[in-house]
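Heads up, the thing below is written out as structure tokens.
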Amino acid sequence: MSTTTPVSLVTGANRGIGRETARQLAGLGHTVLLCARRLEDAERVAGELAGQPGTVVARRLDVTDPGLVQALARSVEAEFGRLDVLVNNAAIDYDITERAVDVDLDKVHHTMETNLFGAWRMVQAFRPLLRRSGHPRVVNVSSESGSLTTMTGGTPAYGVSKAALNALTRKLADELRADLVLVNAVCPGWVATDMGGAGGGPVEEGAAHVVWAATLPDSGPTGGFFRDGRQLPW
């Protein structure tokens, strides 16, 4: 692999926004580490995406498992020596039928482990490799349901986890500014995926918002919350 070929890692990439983000990045010539909790799922999708200008490589990853995260970081370091783009896409539990006043808090904790702490864990583990990139980018795939400005009741675990992810984005953007890492949160919008359900927009459009943030120029924004390249209210 050329040292100029961008190396990108996408979590939760065996379906939906993650899969399409991996496809679009590979279409731009990136080497994409397509991560899924089951290796066979990652391998299946990597095979489906073969033939792109870039290379799609299957990797097993559960972002809630610190051992697997650290093992993947060591593997990426040994094989590539750096990471250029980290897309924290893995998310669970769009709990639209729940209410904050009586939701099972164990369920909320489970959601936070993936949607917030999973992304946090990934940045901590891969920060040394991002620092070796000439153009490091972190994209936290968020949701407007995490916007405090427009937030209403319902969907408590998912909404609160995404609000927390937005806050983490701000913290990381400030702390990684000296390392020249651009860190942004992106809402792909309501997209017709297994999580989003029927009626949403094309997955290609939602993923394009993520790819926009993953390929920002060095002069691009950091610490923002975007959809379609436009700032969203926190």
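Values in this text are rule-based calculations from the coordinates and carry no lab data. Keep in mind the model is a prediction, meaning the values are calculated, not measured. Neighbour counts are summed over all protein chains in view; Cβ atoms, including those assigned to glycine, are modelled from backbone coordinates with ideal geometry.
Nearest 10 degrees, 0 to 90: what angle lies between the long axis of helix 203-214 and the longest principal axis of the chain (Cα atoms)? Approximately 60 degrees, to the nearest ten.
Expressed in units of 2.2 N^0.38 Å, where N is the residue count, the Cα radius of gyration of segment 115-211 is 1.16. I'd like the orientation of helix 16-27 relative to the chain: the angle between its Cα long axis and the longest Cα principal axis, in ° from 0 to 90, rounded to 10. The helix 16-27 is inclined about 20 degrees to the chain.
Using the rule -39500 (n - 2.57) for each DSSP H run of four or more residues, divided by the residues of the chain, the 222 nm mean residue ellipticity is -12000 deg cm²/dmol.
Take the Cβ atoms of LEU148 and GLN231, set R0 to 22 Å, and the FRET efficiency comes out at 0.90. Ordering LEU216, LEU148 by the number of other Cβ atoms within 10 Å of each residue's own Cβ, fewest first, gives LEU148, LEU216. Based on C-alpha pairs under 8 angstrom that are at least 6 apart in sequence, segment 7-231 has a relative contact order of 19 percent.
Placing +1 on the Cβ of every Lys and Arg and -1 on the Cβ of every Asp and Glu, with nothing else charged, gives the chain a dipole about its Cα centre of roughly 580 debye. Each of ALA50, LEU165, VAL76 was scored by the projection of its Cα onto the charge dipole of segment 7-231, and the greatest displacement toward the positive side belongs to VAL76; charges sit on the C-beta of Lys, Arg, Asp and Glu. This ranking places MET122, MET112, MET151 by how few other beta-carbon atoms lie within 10 Å of each, fewest first, which gives MET151, MET112, MET122. For the chain, the share of DSSP beta bridges that are antiparallel, to the nearest 5, is 5%.
Between LEU180 and HIS135, the contour length at 0.36 nm per residue exceeds the alpha carbon distance by 15.5 nm. In a simple Cβ point-charge model (Lys, Arg +1; Asp, Glu -1; nothing else charged), segment 84-162 has a dipole of about 620 debye relative to its Cα centre. The amide H of VAL57, built 1.01 Å from its N in the peptide plane, has VAL32, LEU33, LEU34 as neighbours under 5 Å, considering only residues 5 or more places off or on other chains.
In this simple spin-label model, placing a label point 7 Å from the Cα along the Cα-to-Cβ direction at both LYS107 and LYS171 gives a separation of 2.6 nm.
Seen against the Cα atoms of the chain and their longest principal axis, helix 156-175 is set at about 50 degrees. The share of alpha-carbon pairs in segment 70-123 lying farther apart than 19 Å comes to 44%.
Summing charges over neighbours of VAL63, with a neighbour being any other residue whose Cβ is under 13 Å away from its Cβ, gives +1 when K and R count +1 and D and E count -1. Considering only GLY153, PRO221, GLN24, and ranking their Cα positions along the charge dipole of segment 7-231 that arises from unit charges at the beta-carbon of Lys, Arg, Asp and Glu, the one farthest toward the positive end is PRO221. Multiplying the residue separation of GLU205 and GLU77 by 0.36 nm and removing their Cα-Cα distance gives an extension gain of 42.9 nm.
Shape annotation for segment 7-231: C-alpha extents along the principal axes are 48, 39, 34 Å, from largest to smallest. Exposure proxy ranking for VAL108, VAL63, VAL101, based on other Cβ atoms within 10 angstrom of each Cβ and starting from the fewest, stands as VAL101, VAL108, VAL63.
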